[in-house]
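Report on the structure given below.
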Amino acid sequence: MDIKFSAEDIAFRDEVRGFFVAEYEGDASTRLSDNSATDYKSAIVGWQKKLHAKGWIAPGWPKEYGGTGWSSTQKFIYETERGLAGIPDVVPFGLKMVAPVIYTFGTEEQKARFLPRILNSEDWWCQGYSEPGAGSDLAALSTSADYAGDNYIVNGRKIWTTFAQYADWIFCLVRTSKGIRRQEGISFLLIDMNTPGITIKPIVTIDGKHSLNEVLFEDVAVPIENLIGEQDKGWTYAKALLAHERTGMAEVADSKRMLEGLKQRATTEINGGKPMIEDPVFQMRMSDIEMELMALEYTELRVFASMAGGGMPGPESSLLKIKGTEISQAIHELQLQLAANYGGALPGDLSSDELGHDFAAEARGKYMYGRAATIYGGSNEVQRNVIAKAVLGL
Amino acid sequence: MNFEFSEEQIMIKDSVSRFVREQYDFDARRGIIESDDGISREFWSMFAELGWLSVPFSEEYGGFGGNVVDIAAVMEEMGKGIVVEPFASTVVVFGGLLSAASNSDLKSQIIPSIIEGNCLGSFAHMEPQSRYEMSDVSTTATASAGGYTLSGVKTVVTNGGTANKFIVSARTSGEQFDRNGVSLFMVDTAAPGVEVKAYKMMDGQSAATLMLTDVAVNQSDLLNTAGEGMDLIDQVMPQILIGLSAEALGIMATLNTLTVEYSKTRQQFGAPIGSFQVLQHRMVDTFMGCEQTKSMLYRALCESKSVVEGETDAVALAKTVHALKATVARYGKIIGEEAIQLHGGIGMTDELNIGHYVKRLMMINTSYGDGDFHQKAFNQLSYSG
């Protein structure tokens, strides 16, 4: 019963910390703070190229494809340091979502063609899973891919596609045949976004910003060499990917950092002549979150320890996504509460001095967009269904 | 990094677990509570023979030399059986204070008798006005020839009706709320001037009001330097709170298991009620609450070890322990109430074990500060200054 790291691991932590301080602070941190800024793409790609040059862009990949060869402890340390430093994660669609599918289920040609360009951030990927009629019930998807000679002809609509406007490629789940079970007959296709017949329609979200899109496919011809694995087996590949992703969603380090920021702001936001951090009711609201986060930090460590020991993540892993997102939303809520009635202001060109407040817009944006965290990646209600079935045996 | 118990800890855990499973079923427990004594002396002797009563005590006094992790291992398993024999009261609280004391004569005299099962101990501290504030002591210890005279009233003294030794807090100097001036004395139940008015708590445990009228004690009955009793209490409190929280975790896990199992067998509307999504999600929430509580307990255990080894500061541990007790209160309440609700009418009956687990959880919550008390203490450490 202890959480000690070895001297080697502590040396590694210091190296990571040193790199982040030297390379990230300054220019990159301001340009990356807003993912709807007009130069966001060049900013994040620039940062990812730095990570690639360092050899740290894909800790999760096997070494033979360009991974770091780190131990699971080192990967954990790296993620923690990234979160604590306030550095956004890499854009996940290429590096964390499609790449594992390609190196696990793809052909040698596909690996050689796609993986290097994902590693060096040449290609920007987006994810084509959800449809207007297939959200939490993903197997209800109806975008069709009909086999025609050397091509599949794709017709349908994908929705909630993050950063489709930047994307060179989209990986899609499409229906290739009507199986006995709905999960059968789904295939995993890689589609070039420049193919004729693809239209992107922006969706403005409740934070007033544009990161989501609808992607329309009208007789889009996709070469059959862009099929992953076997036709009609795509659901299996997508599910394998989900299992790969599940343990990475607690974002404890990110939340710890946000909570520290909240406490800082609570010392300067005044009510009745006293800082909000001294308000006993506000203290209770902060500690409700802080205590839950202290527990979640150890839940994450427990999951990590069981995996580092070569075991499978235990039942505790399934709650990481639910608790992690609930905590980050709760922090956003208190940030907005601190912003008081400035929180609703759309100040346009007004400076923060003229408005009288300096973080209200950010707090509103994070709160509003943050509502998505309990919806995406399998809504928290679907996650509860999964735990009920897989853990409680209900 | 690991969150495993050691081989020795697993052995003792298994031994308590086997006892609960094989000898301490719900009917056996009920029989014990309804007996005149309210505890089983036979089982208590067995605990002594199995070495459980020696767990936290130093080898110097014949103990096992265990630490807070060993205590937690035992307490969690005892929670699963809601064992009413006064392990927490005698070994963890009374024994903990005694172990931390500087009076080595007292230690070598009493610790072996705890280990042998002959001493049942109790900490007589709370007073009618004091609620959870540990330094609110108005019982007086007036200096007399060769010692002190104790006068005052101690209330809700856990294990008060069964104990043969008390550690009594009394004020040798200072005002009602002063930390300085609180002293701890070893007092025999049979001492002249000690009147024990015993009663039962709803969780089956014994309690008492202790009336102290001019009770004569010697200098040698002081646990440590006069007036410095609060230092001793503060030193032992993390171990007490962690032990009780481990017991609570055992109860919470048991309530969740029983509720999930029941929902798989109880048929309504032509289906097991566990097939209904609204109930599934509530059981997932109680499952998550239990896992989070376990994580907080493990955090406290890891940090306790680090503090002992001089690697972490005591303030971080204090924060964690407050957070642990507050977490136990929060999720203990949810888990207990959901267990009754999901069992429906049968959950309301005295005949079913559910309500009895819930009542013990409720009593753990009010022991040494409820959830709000500890959350406020947490806030004080985290957000002030």
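Only the coordinates and a few stated rules stand behind these numbers; no lab work does. None of these values were measured; they are calculated from a predicted model. Positions of Cβ are generated from backbone atoms using ideal geometry, with glycine treated the same way; all protein chains shown enter the neighbour counts.
If one takes the longest principal axis of the Cα atoms in chain B, at what angle in degrees, from 0 to 90 and to the nearest 10, does the Cα axis of helix B:104-116 lie?
Computed tilt is about 30 degrees.
Under the rule a/c < 1.5 gives rounded, and otherwise a/b versus b/c splits prolate from oblate, where does segment B:175-221 land using the Cα gyration tensor? Numbers along the way, then the final one.
Details: a/c = 2.36, a/b = 1.41, b/c = 1.68.
Oblate shape, in that a/c is at least 1.5 and b/c is the bigger or equal ratio.
For B:S15 and B:S138 in the same chain, what is the full-extension length gain: residue separation times 0.36 nm, less their Cα-Cα distance, in nm?
Fully extending the segment from B:S15 to B:S138 adds 40.0 nm.
More than 23 angstrom separation, counting every C-alpha pair in segment B:186-321; what % is that?
Looking at segment B:186-321, the distances longer than 23 Å represent 62 percent of pairs.
Show log10 I(q)/I(0) for chain B at q = 0.09, 0.12, 0.14, 0.15 Å⁻¹, two decimals, from a solvent-free Debye sum over equal Cα scatterers.
Values returned for q = 0.09, 0.12, 0.14, 0.15 Å⁻¹ are -0.52, -0.93, -1.25, -1.42.
Using a simple charge model, +1 on the beta-carbon of Lys and Arg, -1 on the beta-carbon of Asp and Glu, nothing else, what dipole does chain A show about its Cα centre, in debye to the nearest 20?
The calculation lands at about 780 debye.
Take peptide A:282-295, look around each residue's Cβ out to 10 angstrom, count Cβ atoms belonging to other protein chains, and average those counts.
Mean partner shielding for this stretch: 6.
Given H placed on each backbone N at 1.01 Å, which residues far from A:K233 in sequence or on other chains put an amide H within less than 5 Å of it?
A:F188
Just how many % of Cα pairs in segment A:247-390 lie over 24 Å apart, if you round to the nearest whole percent?
41
If packing is taken as the mean number of other Cβ atoms within 10 Å per residue, what is the order of B:328-336, A:178-186, highest first?
Output ranking for B:328-336, A:178-186: B:328-336, A:178-186.
What's the magnitude of the charge dipole for the protein assembly as shown around its Cα centre, counting Lys and Arg as +1 and Asp and Glu as -1 at the beta-carbon? Answer in Debye, nearest 20.
Working: 68 positive and 100 negative charges, 322 e Å.
Computed charge dipole of the protein assembly as shown: roughly 1540 debye.
Order of B:F123, A:F5 from fewest to most other C-beta atoms within 10 Å?
By the 10 Å Cβ count, ascending, the order reads A:F5, B:F123.
Sort out for me the Cα centre separation of segment B:64-82 from segment A:316-394, rounded to whole Å.
Value for the Cα centre distance between the two parts: 39 Å.
Which order do A:T176, B:T155 fall in if you start with the one that has the fewest other Cβ atoms within 10 Å?
B:T155, A:T176
Test of understanding: ordering B:V187, A:V98 by Cβ neighbours within 10 Å, fewest first, what list do you get?
Fewest to most other Cβ atoms nearby, the residues stand as B:V187, A:V98.
Whole-Hz ³J(HN,Hα) for each residue in segment B:199-210, computed from phi via Karplus 6.51 cos²θ - 1.76 cosθ + 1.60 with θ = phi - 60°, x for glycine and proline: what do you get?
In residue order, the calculated couplings are 8, 9, 8, 5, 8, x, 7, 7, 9, 7, 9, 10 Hz.
Using R₀ = 25 Å, calculate the FRET efficiency as 1/(1 + (r/R₀)^6) where r is the Cβ-Cβ separation of A:I206 and A:D34; round to 0.05.
Approximately 0.95, to the nearest 0.05.
Modelling each spin label as a point 7 Å along the Cα-to-Cβ direction, I'd like the B:L50/A:A221 distance in nm, to one decimal.
7.7
Restricted to Cα positions, what overall size does segment B:123-227 have along the principal axes? Three whole-Å values, descending.
39, 28, 20
For a quick check: with amide H placed at 1.01 Å from N, whose amide H comes under 5 Å from B:V55's, ignoring anything fewer than 5 positions away on the same chain?
For B:V55, whose amide H was placed from the backbone, the distant partners under 5 Å are B:F64.
Which residue, A:P100, A:T80, A:S6, has the largest displacement toward the positive end of the dipole of the protein assembly as shown when charges sit on each Cβ (Lys, Arg +1; Asp, Glu -1)?
A:P100
Provide the per-residue ³J(HN,Hα) series for segment A:61-66, in order, calculated from phi with Karplus coefficients 6.51, -1.76, 1.60 and θ = phi - 60°, each as a whole number of Hz, with x at glycine and proline positions.
Each residue of segment A:61-66 in turn: 7, x, 4, 4, 9, x Hz.
³J(HN,Hα) across segment B:279-295 via Karplus (A = 6.51, B = -1.76, C = 1.60, θ = phi - 60°), whole Hz, x for Gly/Pro?
Couplings: 7, 4, 5, 5, 6, 5, 5, 6, 4, 5, x, 5, 5, 5, 5, 4, 4 Hz.
For the protein assembly as shown, take N as its residue count and report Rg(C-alpha) divided by 2.2 N^0.38 Å.
Its radius of gyration relative to the 2.2 N^0.38 Å reference: 1.11.
Tell me, rounded to the nearest percent, the portion of alpha carbon pairs in segment A:125-232 spaced more than 16 Å apart.
Counting every Cα pair in segment A:125-232, those more than 16 Å apart make up 55 percent.
Charges at C-beta only: +1 for Lys and Arg, -1 for Asp and Glu. How large is the resulting dipole of segment A:247-390 about its Cα centre, in Debye rounded to 20?
So the dipole magnitude of segment A:247-390 works out to roughly 540 debye.
For B:C119, what residues show an amide H to amide H distance below 5 Å, using hydrogens built from the backbone and excluding near sequence neighbours?
B:I114
Under a no-solvent Debye model with one identical scatterer per Cα of chain A, what's log10 I(q)/I(0) at q = 0.06, 0.07 Å⁻¹?
-0.26, -0.36
I'd like to know how segment A:7-90 sits against the 2.2 N^0.38 Å rule of thumb: what's its Cα Rg over that expected value?
Working: Rg = 13.2 Å, N = 84, 2.2 N^0.38 = 11.8 Å.
So segment A:7-90 has a normalised radius of gyration of 1.11.
Ranked highest first by average number of other Cβ atoms within 10 Å, how do B:363-369, B:250-256 line up? Kindly include the intermediate steps, with their values, before the conclusion.
Details: B:363-369: 20.1, B:250-256: 24.0.
Peptide ranking by packing, descending: B:250-256, B:363-369.
What percentages, rounded to whole numbers, describe P(r) for segment B:230-383 computed over all alpha carbon pairs with 10 Å bin width beginning at zero?
P(r) over segment B:230-383, rounded to whole percents: 11, 37, 28, 15, 7, 1, 0.
In deg cm²/dmol, rounded to 500, what helix-only [θ] at 222 nm does chain A give when every DSSP H run of at least 4 residues adds -39500 (n - 2.57) and the total is split over its residues?
-14500 deg cm²/dmol
Using the Cα centre of segment B:7-119 as origin and beta-carbon charges of +1 (Lys, Arg) and -1 (Asp, Glu), tell me which of B:G51, B:V16, B:M78 is placed farthest towards the positive end of the dipole.
So the residue furthest toward the plus end is B:M78.
Helix B:68-80: angle to the longest alpha-carbon principal axis of chain B, degrees 0 to 90, nearest 10?
Taking the Cα atoms of chain B, the angle to B:68-80 is about 50 degrees.
Take segment B:7-119, drop everything but the C-alpha atoms, weight them equally and run the Debye formula without solvent; then report log10 I(q)/I(0) at 0.15, 0.23 Å⁻¹ to two decimals.
-0.62, -1.33
Mind pulling the angle between the C-alpha long axis of helix B:314-343 and the longest principal axis of chain B? Nearest 10 degrees, somewhere in 0 to 90.
Taking Cα atoms only, the helix is inclined about 40 degrees.
Mind checking the full-extension length gain between B:E311 and B:D350? Use 0.36 nm per residue of separation minus the Cα-Cα distance, one decimal, nm. Walk me through the numbers before you get to the answer.
Working: separation 39, 0.36 × 39 = 14.04 nm, distance 4.81 nm.
Here the answer is 9.2 nm.
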